[in-house]
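Down below is the structure, laid out as structure tokens.
The values are calculated or read from the model by the stated rules, or taken from the named source; none is laboratory data. Bear in mind the structure is a predicted one, so any value in this text is a computation, not a measurement. Cβ: placed from backbone, ideal geometry, glycine included. Neighbour counts: every protein chain shown. Just the protein is used for accessible areas: all its heavy atoms, side chains included, with ligands, DNA and RNA removed. Shrake-Rupley method; radii C 1.70, N 1.55, O 1.52, S 1.80 Å.
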Amino acid sequence: LIDISIKNWGTPKTLAFSIWLSLLKHPKAKMSTESFVIGNDYTAISADNIESIIEGLDLLDYSLHAGNGIKKFFDTQSFKKSQQEIFYISNKASTAYPAMQKELSLVTQMINYWIYVTAEGKIEIHYQQNKGLKPVQELLLPLKSLWEKTPPISKQTAPQKKERNSNAYPILIPPCRIVTGK
């Protein structure tokens, strides 16, 4: 479940979808999955091809929180706790609204993993255990340095041999290699 309400737009949404894709496409992930984005309602998304991923990224919701979508999702879906794991990916700020806290308190035992992302690149992973959240891992991605713009290389200053660009964006784009023809 990916929260697409207003507090999750921009960098948090990009990180949430990155986490979602890494969970789906992990080499050891052999189970069947269903994925949903949640706002005022919920919508199924897939990662079958690039177009479906882009369609999922294009979905936005104008609501302040995903309380209504959470309620609709858990009211209409049937779950077997022992056979399913539910991951909830959101920004911690969007869970602070009283209406959202009310809906989450009703379904908190059904959600196994809580993943919080921030615009600064902080990722917190919690596991639901014994009526409480147990912290599993906390990461801080250096987004500022990864997303810095580097000056373009002109043909006059381009090196004449193969060279790895050390200023490339390793997470976003593979490093470019400049090869001169003979």
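What is the sum of charges, Lys and Arg at +1 and Asp and Glu at -1, for the other residues whose Cβ falls under 11 Å from the Cβ of Lys122? Walk me through the numbers before you get to the answer.
Working: positive: Lys92; negative: Glu120, Glu124, Glu138.
Once all neighbours under 11 Å are counted, the net charge is -2.
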**Asked** When the label point is put 7 Å from the Cα of Trp9 along its Cα-to-beta-carbon vector, which residues of segment 54-95 have a backbone N closer than 16 Å?
**Response** 57-66, 91, 94
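Segment 1-76: D in µm²/s via Stokes-Einstein (Kirkwood Rh, Cα pairs, 10 °C, 1.306 mPa s)?
On the way: Rh = 12.8 Å.
For the chosen part, D equals 124 µm²/s.
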**Item:** Approximate spin-label separation Asn112-Trp147, in nm, with each point projected 7 Å along Cα-to-Cβ
**Value:** 3.1
**Prompt:** How high is the FRET efficiency between Glu51 and Ala96 when r is their beta carbon distance and R₀ equals 25 Å, given to the nearest 0.05?
**Reply:** 0.10
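Å³ per residue of the Cα convex hull, for segment 58-146?
Numbers: hull volume 11.7 nm³, N = 89.
Normalising the Cα hull of segment 58-146 by residue number yields 131 Å³.
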**Request:** For Val136 and Ser22, calculate 0.36 nm times their separation in residues minus their Cα-Cα distance, and state this gained length in nm to one decimal.
**Result:** 39.3 nm
**Fill in**
The orientation-averaged projected area of the Cα convex hull of segment 38-85, in nm², is 4.2
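Beyond a 25 Å Cα-Cα separation, which of these cross-linked pairs lie in this structure: Lys13/Lys149; Lys7/Lys122; Lys30/Lys102? Please list the in-between numbers first.
Details: Lys13/Lys149 21 Å; Lys7/Lys122 15 Å; Lys30/Lys102 34 Å.
From the list (Lys13/Lys149; Lys7/Lys122; Lys30/Lys102), the Cα-Cα distance tops 25 Å for Lys30/Lys102.
Can you give the accessible area per residue of segment 1-131, in Å², using a 1.4 Å probe? Each step should come with its number before you reach the end.
Working: 7380 Å² over 131 residues.
Accessible area per residue, segment 1-131: 56 Å².
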